[in-house]
Amino acid sequence: MQMPAYGNEDMIADAFLQNARRARLPKYLCLHQAIADTVERGDLSPGEQLPPEDKLAQKLGLSIGTVRKAMQTLSDDGLLSRMQGTGTFIADPAVEMYDVWHFCFLGDDGVSFLPLKARALKVKRVKADGPWRSFLPKPSSFVMVQRLINVAGEFSLLSDFYFDGDRFAELEALPKSEFNRIVLRNVLFEHFGIRTQQAPQHLRCDRLNVRDAGLINAEPESPGMILETFGKDSHNIPIYYQRVVIPSTNRCLAIN
């Protein structure tokens, strides 16, 4: 079976050699910078597929571990999208932002959305009951994914996701960097083939408790909002419960 050709591997190799000559950096960082530079110049376009890691390692004369480390750091930075069983692609931030259903804040022009950056804090199994129990009544436990969502460097949101711990037990085994994606629905689709079709929202005003305020660097008891989302699949089966803590801000939240 003939391997598919990847026209961008020579371009990546040239950029890597240039970086390696002018910078005394670890090889994985040279490769990281080479790919980032080609994306910034527009030589690599969003959606373009990169060569497999073993093919790229052979082309560059690097170990497979070095290439994997470079790809992982690029994925963590949001420059690459790694799809299990499909390949590695140049990420499209515009597509990712377009796919955000919740917590989109308008910029100064009142039309464009402010950029978001996610960072996973915890991925763990929990048995505690809460509002998620009434929406996900059957699991013996839940997989909780806690993240901070930074909005344009101005303020942060706290996002707690609760998944059916029986149905999505494999989430615990994923690298934490997988949850740095803005849209976790895409993670569910790529790893489980499940699409979120419905996501009703409840929004209410509240005062921030000590825990939530501390995590988003806000004052305890200061005013804020709590956004709850109830995700269901195409068969109307509950998938996840999400709770987002939003501090007081003069930015406008777009409600879809």
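Any residue that is part of a loop (DSSP other than H, G, I, E, B), surrounded by 19 or more Cβ atoms within 10 Å (Cβ to Cβ) and aliphatic (A, V, I, L, M) - is there at least one of those in the range 163-171? No, the range 163-171 contains no residue that is part of a loop (DSSP other than H, G, I, E, B), surrounded by 19 or more Cβ atoms within 10 Å (Cβ to Cβ) and aliphatic (A, V, I, L, M).
Scan the range 91-111 and tell me whether some residue there is touching a strand residue (DSSP E or B) at 6+ places or on another chain (Cβ under 7 Å), within 17 Å of Val183 (Cα to Cα) and at pLDDT 85 or above. Yes; the residues of the range 91-111 include at least one that is touching a strand residue (DSSP E or B) at 6+ places or on another chain (Cβ under 7 Å), within 17 Å of Val183 (Cα to Cα) and at pLDDT 85 or above. Kindly indicate which of Ile216, Ile237 is closer than 19 Å to Val100 by Cβ and of a type in the set (A, V, I, L, M, F, W, C). Every option except Ile216 fails the conditions. For the range 189-221, a residue qualifies if it is out of contact with any strand residue (DSSP E or B) (no Cβ under 7 Å at 6 or more places or on another chain), at pLDDT 85 or above and in a loop (DSSP other than H, G, I, E, B), and the qualifying residues are Asn209, Glu219, Pro220. Taking the range 39-145 and the strands (runs of 3 or more DSSP E) fully enclosed by it, the elements with 1 or more residues that are farther than 30 Å from Arg21 by Cβ are at 80-83, 116-126.
For the range 147-154, state whether one or more residues are among the aliphatic types (A, V, I, L, M), outside any helix (DSSP H, G or I), touching a strand residue (DSSP E or B) at 6+ places or on another chain (Cβ under 7 Å) and surrounded by fewer than 19 Cβ atoms within 10 Å (Cβ to Cβ). Yes, that holds for at least one residue. Restricting the range 5-38 to residues that are among the hydroxyl-bearing types (Ser, Thr, Tyr) and in a helix (DSSP H, G or I), which is nearest to Ala91 (Cα to Cα)? If we take residues in the range 5-38 being among the hydroxyl-bearing types (Ser, Thr, Tyr) and in a helix (DSSP H, G or I), then Thr38 is nearest to Ala91 (Cα to Cα).
In the range 151-172, is there at least one residue being closer than 24 Å to Val111 by Cβ, assigned by TED's automatic domain parsing to the domain that holds Lys124, acidic (Asp, Glu) and modelled with pLDDT of 90 or more? Taking every residue of the range 151-172 in turn, at least one turns out to be closer than 24 Å to Val111 by Cβ, assigned by TED's automatic domain parsing to the domain that holds Lys124, acidic (Asp, Glu) and modelled with pLDDT of 90 or more.
The residues on offer are Ser140, Ser156, and the sole one that is among the polar types (S, T, N, Q) and over 27 Å from Leu208 (Cβ atoms) is Ser140.
The values are calculated or read from the model by the stated rules, or taken from the named source; none is laboratory data. Note that the structure is a prediction, hence the values are computed from the model and not measured. Neighbour counts run over all protein chains shown; Cβ positions are idealised from the backbone, glycine included.
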